[in-house]
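Novice: The structure follows.
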Amino acid sequence: MTSPGTHTFVCPECRRSIEVDDAMRATLLDVGCVVCGEPVTESDITDPQTA
C-alpha cells in the first residue's frame with residue numbers, strides 16, 4: 001500500500017513499477033526512467049488518492 005505523499009510510477013517502455021515520493025516524481029519527469037531512460041510524462045505517475 002502506498003503512503004501519503006507517494007506516487008506509483010510505471011515506465012511506458014520497460015514496464016518497471018516503483019513507488020516514489022514527490023522529489024523523485026519531479027526527478028523522473030525531468031530526466032526519465034531511472035532503469036531504461038525513457039521519457040516520463042504525468043500520465044506515467046499515478047497519485048494514489050486519485051487512482
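The values are calculated or read from the model by the stated rules, or taken from the named source; none is laboratory data. This one's a predicted model, so the numbers in the text were calculated from it and none came from an experiment. What goes into the accessible areas is simple: the full protein's heavy atoms, side chains included, and nothing from ligands, DNA or RNA. Shrake-Rupley method; radii C 1.70, N 1.55, O 1.52, S 1.80 Å.
Novice: Scan region 1-18 for residues that are modelled with pLDDT under 95 and open to solvent by 90 Å² or more (accessible area, probe 1.4 Å) and jot them down.
Specialist: Met1, Pro4
Novice: For region 19-45, which residues satisfy the criterion of being assigned to a loop (DSSP other than H, G, I, E, B), of a type in the set (A, V, I, L, M) and open to solvent by 60 Å² or more (accessible area, probe 1.4 Å)?
Specialist: Residues satisfying the conditions are Val34, Val35.
Novice: Follow-up question, since we're still on this one. Would you confirm, using the coordinates I've provided, whether Pro48 is outside any strand (DSSP E or B), modelled with pLDDT under 95 and open to solvent by 90 Å² or more (accessible area, probe 1.4 Å)?
Specialist: Spelling it out, it is not the case that Pro48 is outside any strand (DSSP E or B), modelled with pLDDT under 95 and open to solvent by 90 Å² or more (accessible area, probe 1.4 Å).
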